[in-house]
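K.L.:
Okay, handing you the structure first.
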Amino acid sequence: MRFLAAVVVLLLSATAAFADKTTAAYDWQTIRTKHFRFDFVEPDRKVTERLAKDAEKIRADVTHMIGFDFKAVTTVVVAPDVEAYNAVQSRSIVPEWSVGTANWRRNRIVLLSPRGGFEVDKRLDIEGVFKHEVSHIILGRALAGVENPNWLDEGIAKYQSEPWNIDKSWAMTVASLSDQLIPLQKLNHWWPKDEKRARIAYLQSQAFVDYLFRQAKVHVLVEHLREGRDIETALFLTTGYRGATLDDEFKDFFEREYTWVNLLIGDNVIWGAASLIFLVVVVISFRRSRLKLRRMELEDELEDLYAEQSRARLGRVTVRPSKPPPDESPNGANGRTNGHDPKGPTYH
């Protein structure tokens with residue numbers, strides 16, 4: 001056991017030494033605001049100045065939402081490349097798809113520079129990532145040592161960093177109609193590992209935080225959790241609902257505010273108009289297709305009728321060949337193939 005502990009210490013020491021050597025190779029610059037210290041290299045000055053300019057407002061939005069603040073200065077490292085990004089992490093290994101991390105215990109955020117993102121073919125919205133990580137820092141410190149469910153942590157971060165859009169509405173409309181929404185009482189203590197289900201969980205979390213925020217109750221929930229109450233009790237004291245009743249209440253809100261039906265009848269004129277135009281185009285295209293098909297059918301009927309009248313006038317009888325011509329199919333009408341041969345491929 002002592003040998004294993006010694007090995008772990010040596011590995012951590014080696015990792016720290018490598019990180020120090022890697023980061024020391026850069027000429028780090030610093031910008032300070034009231035609550036942040038930004039460390040960066042000169043080529044990232046403009047993007048860092050942009051972050052610093054908005055940092056205090058971003059922070060104030062989160063502290064206002066959850067009703068918690070602290071005085072300590074948060075360190076933000078804008079890593080110039082992937083190597084430096086990995087080297088300055090509190091943990092030695094981060095997922096290769098990661099572009100931002102937040103460690104509320106150390107009160108530190110690490111962001112991958114957009115320049116570093118381009119090196120690995122990632123187009124980064126560094127402002128959005130910064131908002132996301134600031135939310136994790138503040139809520140993590142607010143709920144240090146008490147229950148902090150994933151849906152609340154991720155929901156607040158998503159709410160602050162990613163505006164709702166038509167793609168999210170479409171995804172959640174499909175999830176609602178196909179009965180794929182996850183009960184909130186399940187998300188209180190569980191998070192899906194499957195990518196598709198996880199996406200639904202993230203969107204539901206963002207929507208539920210909005211549900212609470214519209215009632216000015218996010219900070220109420222956080223306060224109950226800070227007092228040591230479990231999430232079910234805290235939700236009941238905050239909303240007046242529990243279990244399946246809370247799920248039903250939220251589902252009604254969600255379907256009213258976040259599905260495509262609301263886009264057509266809600267206050268969002270732009271999305272409503274766009275959705276209405278889309279439906280009109282679909283209906284018109286469908287009707288045009290039906291009219292074209294009917295016109296072709298009528299033309300065929302008229303041709304047949306004209307042929308029969310001509311034969312009757314001339315007193316001639318037409319005998320059908322015992323076998324169809326080689327370029328025609330017996331499945332079609334008037335020598336036209338119907339596009340399907342049961343012994344061959346189907347064409348659409």
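The rows are residues; the columns are (1) in the same structural domain as Arg105 (by TED's automatic domain parsing); (2) loosely packed, with under 11 Cβ neighbours inside 10 Å; (3) modelled with pLDDT under 95.
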{"position": "Ala24", "(1), (2), (3)": "yes, yes, yes"}
{"position": "Thr33", "(1), (2), (3)": "yes, no, no"}
{"position": "Val41", "(1), (2), (3)": "yes, no, no"}
{"position": "Ala60", "(1), (2), (3)": "yes, no, no"}
{"position": "Val73", "(1), (2), (3)": "yes, no, no"}
{"position": "Val78", "(1), (2), (3)": "yes, no, no"}
{"position": "Asp81", "(1), (2), (3)": "yes, no, yes"}
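K.L.:
Would it be correct to say that Glu223 is under 25 Å from Val76 (Cβ atoms), crowded, with 16+ Cβ neighbours inside 10 Å and charged (D, E, K, R)?
P.N.:
On the way: under 25 Å from Val76 (Cβ atoms): no; crowded, with 16+ Cβ neighbours inside 10 Å: yes; charged (D, E, K, R): yes.
So Glu223 fails the test.
Condition check ((1) aliphatic (A, V, I, L, M); (2) in a helix (DSSP H, G or I); (3) touching a Gly at 6+ places or on another chain (Cβ under 6 Å); (4) at pLDDT 85 or above) across all residues:
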| position | (1), (2), (3), (4) |
| --- | --- |
| Met172 | yes, yes, no, yes |
| Ser176 | no, yes, no, no |
| Leu181 | yes, no, no, yes |
| Lys186 | no, yes, no, yes |
| Trp190 | no, no, no, yes |
| Ala198 | yes, yes, no, yes |
| Leu203 | yes, yes, no, yes |
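K.L.:
List pairs: first in the range 155-172 and surrounded by 20 or more Cβ atoms within 10 Å (Cβ to Cβ), second part of a loop (DSSP other than H, G, I, E, B), Cβ under 6 Å, 6+ apart or cross-chain?
P.N.:
Close Cβ pairs (under 6 Å, with a partner that is part of a loop (DSSP other than H, G, I, E, B)) amount to Ser169/Tyr258; Met172/Tyr258.
Conditions tested, residue by residue: (1) of a type outside the set (Val, Ile, Thr); (2) part of a helix (DSSP H, G or I); (3) modelled with pLDDT under 90.
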site: Thr30; (1), (2), (3): no, no, no
site: Arg37; (1), (2), (3): yes, no, no
site: Thr63; (1), (2), (3): no, yes, no
site: Glu96; (1), (2), (3): yes, no, yes
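K.L.:
So Leu237 clears everything in (1) surrounded by fewer than 18 Cβ atoms within 10 Å (Cβ to Cβ); (2) under 15 Å from the mean Cα position of the chain (by Cα) except one condition, right? Which one?
P.N.:
Answer for Leu237: the failing condition is (2).
K.L.:
Which members of the range 69-94 meet the condition of being hydrophobic (A, V, I, L, M, F, W, C), under 20 Å from His35 (Cα atoms) and part of a loop (DSSP other than H, G, I, E, B)?
P.N.:
Of the residues in the range 69-94, the ones hydrophobic (A, V, I, L, M, F, W, C) are 70, 72-73, 76-79, 82, 84, 87-88, 93-94.
Now restrict to residues that are under 20 Å from His35 (Cα atoms): 70, 72-73, 76-79.
Of everything in the range 69-94, those that are hydrophobic (A, V, I, L, M, F, W, C), under 20 Å from His35 (Cα atoms) and part of a loop (DSSP other than H, G, I, E, B) turn out to be Phe70, Ala72, Val73.
K.L.:
Further question: Being within 21 Å of Arg32 (Cα to Cα) and in a loop (DSSP other than H, G, I, E, B), is that true of even one residue in the range 110-130? So that I can check it myself, show each step before the final result.
P.N.:
So the first thing to find is which residues in the range 110-130 are within 21 Å of Arg32 (Cα to Cα), and the list is 110-114, 126-130.
Adding the requirement that they be in a loop (DSSP other than H, G, I, E, B) leaves 113.
Taking every residue of the range 110-130 in turn, at least one turns out to be within 21 Å of Arg32 (Cα to Cα) and in a loop (DSSP other than H, G, I, E, B).
K.L.:
Is the range 206-226 home to any residue that is modelled with pLDDT under 90, touching a Ser or Thr at 6+ places or on another chain (Cβ under 7 Å) and at negative phi?
P.N.:
Within the range 206-226, the subset modelled with pLDDT under 90 is none.
The answer is no; no qualifying residue exists.
K.L.:
Another one. Checking Lys131 against (1) more than 14 Å from the chain's Cα centre (by Cα); (2) surrounded by fewer than 17 Cβ atoms within 10 Å (Cβ to Cβ), which single condition isn't satisfied?
P.N.:
(2)
The values are calculated or read from the model by the stated rules, or taken from the named source; none is laboratory data. As the structure is a prediction and not an experimental result, all values here were calculated from the model. With ideal geometry, Cβ positions are generated from the backbone for all residues, glycine too; neighbour counts draw on all protein chains shown.
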